[in-house]
Amino acid sequence: MSTVDEKKIPTPHIEAGAGEIAETILLPGDPLRAKFIAEKFLADPKCFNEKRGMLGFTGEYRGKRISVMGTGMGCPSMGIYSYELINFYGCRNLIRVGTAGAMREDVHVRDLVFAMGSCTDSAYLTQFRLPGQFAPTADYTLLRTAVDAAEKRGANYHVGNVYCSDVFYGAAKPEIGVQWKDMGVLAVEMESAALYANAAYGGARALALMTISDSLVTGEATTAEEREKTFVEMMEVALETAAAVTD
Ligand code: HPA
């Protein structure tokens, strides 16, 4: 468990000054999505990062200070941003909002998936040199709060394991999907394991919630209009959770 080191800011990848990033941060993969979230949902948003185009903003939601920033795709990129946010900027609640591909017939496009656990083929976790396999898991308080919010909204949702893959196209190979599906895995995405491991190592709380954008099982995919609608539902769940866990 590390302590926050503000002497390291600005960091090689984030140009924000001390205190410019809130303790609770939403993390979409796409920086333009971060901009959209800030402009649509946050009051008085201020941009704190433009480095590498990885836009980040801080504003208010229901009177609570909340930030939102892109992470890029995959564990290495999520690993860099979440590490700096936790260890140098003092972020305590990190909530990934993304998309995932369904790996089971009972998981449909537009459904919400909460990653209670994250299986991975990523080499990211080897850096911790553990004498066994680490099980990356969501923070229970964030998970429970978010699931309650989804339940209240009557959303279609699933809570369970996801498969955090290092490869987008390789992950779509049917035989790989079948092996993970046999272990009950709900969906595939690419960032949750690095986020959960960094949160564990830095003593922070993390949750990855995703909307299902496509299905590896049925080939179903969402239209742009559907993605927009389910995205708003996910954002409302994420923001309600963020506000509830922020002082
Ligand atoms: N693979 C990995 N990540 C994803 C996918 C996928 O098929 N769909 C949405 N995110």
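The values are calculated or read from the model by the stated rules, or taken from the named source; none is laboratory data. Note that this is a predicted model, so its numbers are computed, not measured. With ideal geometry, Cβ positions are generated from the backbone for all residues, glycine too; neighbour counts draw on all protein chains shown. Surface accessibility is based on the protein's heavy atoms, side chains included, excluding ligands, DNA and RNA. Shrake-Rupley method; radii C 1.70, N 1.55, O 1.52, S 1.80 Å.
Which is modelled with pLDDT of 95 or more and surrounded by fewer than 21 Cβ atoms within 10 Å (Cβ to Cβ), of G90, G98?
From the options G90, G98, the qualifying one is G90.
Among the residues of the range 204-230, which ones are touching a residue at least 60 places away in the same chain (Cβ under 8 Å), surrounded by fewer than 21 Cβ atoms within 10 Å (Cβ to Cβ) and part of a loop (DSSP other than H, G, I, E, B)?
V217, T218, E220, T222
So which residues in the range 191-203 are of a type outside the set (S, T, N, Q), within 15 Å of the ligand (Cβ to nearest atom) and part of a helix (DSSP H, G or I)?
Hits for the range 191-203 are A193, A194, L195.
Can you tell me which residues in the range 166-195 are touching a residue at least 40 places away in the same chain (Cβ under 8 Å) and basic (K, R)?
The one that is touching a residue at least 40 places away in the same chain (Cβ under 8 Å) and basic (K, R): K181.
Which count do you get for residues in the range 107-119 that are open to solvent by 40 Å² or more (accessible area, probe 1.4 Å) and either part of a strand (DSSP E or B) or without any contact (Cβ under 8 Å) to a residue 12 or more places away in the chain (or both)?
1
Return the pairs, sorted by first residue and then second, in which the second residue is at pLDDT 95 or above and part of a loop (DSSP other than H, G, I, E, B), the first residue lies in the range 88-106 and is within 17 Å of A208 (Cβ to Cβ) and more than 16 Å from the ligand (Cβ to nearest atom), the beta carbons are less than 7 Å apart, and the residues are 6+ apart or on different chains.
Listed pairs, sorted by first residue: C91/I21; C91/E23; C91/A204; R92/E23; R92/A204; N93/E23; N93/T246; L94/A204.
When you look at T137, is it open to solvent by 50 Å² or more (accessible area, probe 1.4 Å), hydroxyl-bearing (S, T, Y) and either within 21 Å of N93 (Cα to Cα) or in contact with a strand residue (DSSP E or B) (Cβ under 7 Å, 6 or more places away or on another chain) (or both), yes or no? Lay out the reasoning, then the answer.
Details: open to solvent by 50 Å² or more (accessible area, probe 1.4 Å): yes; hydroxyl-bearing (S, T, Y): yes; either within 21 Å of N93 (Cα to Cα) or in contact with a strand residue (DSSP E or B) (Cβ under 7 Å, 6 or more places away or on another chain) (or both): yes.
Yes, satisfied.
Can you tell me which residues in the range 1-59 are small (G, A, S), out of contact with any Pro (no Cβ under 8 Å at 6 or more places or on another chain) and part of a loop (DSSP other than H, G, I, E, B)?
Result: S2, A18, G19, A22, G29.
Return yes when Q127 is farther than 23 Å from Q179 by Cβ and without any contact (Cβ under 8 Å) to a residue 24 or more places away in the chain and no when it is not.
Spelling it out, Q127 is indeed farther than 23 Å from Q179 by Cβ and without any contact (Cβ under 8 Å) to a residue 24 or more places away in the chain.
Looking at (1) more than 24 Å from C75 (Cβ to Cβ); (2) open to solvent by 20 Å² or more (accessible area, probe 1.4 Å); (3) over 18 Å from the mean Cα position of the chain (by Cα), which one does F41 not meet, given that it meets all the others?
With respect to (1) more than 24 Å from C75 (Cβ to Cβ); (2) open to solvent by 20 Å² or more (accessible area, probe 1.4 Å); (3) over 18 Å from the mean Cα position of the chain (by Cα), F41 is out only on (3).
Quick one: which of Y163, Y157 is under 21 Å from the mean Cα position of the chain (by Cα), touching a residue at least 40 places away in the same chain (Cβ under 8 Å), open to solvent by 60 Å² or more (accessible area, probe 1.4 Å) and under 21 Å from F231 (Cα atoms)?
Y157 is the lone residue from the list that is under 21 Å from the mean Cα position of the chain (by Cα), touching a residue at least 40 places away in the same chain (Cβ under 8 Å), open to solvent by 60 Å² or more (accessible area, probe 1.4 Å) and under 21 Å from F231 (Cα atoms).
Within the range 71-85, which residues are surrounded by fewer than 24 Cβ atoms within 10 Å (Cβ to Cβ) and either in contact with a Leu (Cβ under 9 Å, 6 or more places away or on another chain) or part of a helix (DSSP H, G or I) (or both)?
Correct list: P76, S77, G79, I80, Y83, E84.
Can you name the condition, by its number, that S118 falls short on among (1) within 15 Å of the chain's Cα centre (by Cα); (2) hydroxyl-bearing (S, T, Y); (3) away from the ligand (no atom under 16 Å from the Cβ)?
Evaluating S118 over (1) within 15 Å of the chain's Cα centre (by Cα); (2) hydroxyl-bearing (S, T, Y); (3) away from the ligand (no atom under 16 Å from the Cβ) leaves (3) as the failure.
Does A221 satisfy the criteria of being among the hydrophobic types (A, V, I, L, M, F, W, C), at pLDDT below 95 and within 9 Å of the ligand (Cβ to nearest atom)?
Details: among the hydrophobic types (A, V, I, L, M, F, W, C): yes; at pLDDT below 95: yes; within 9 Å of the ligand (Cβ to nearest atom): no.
No.
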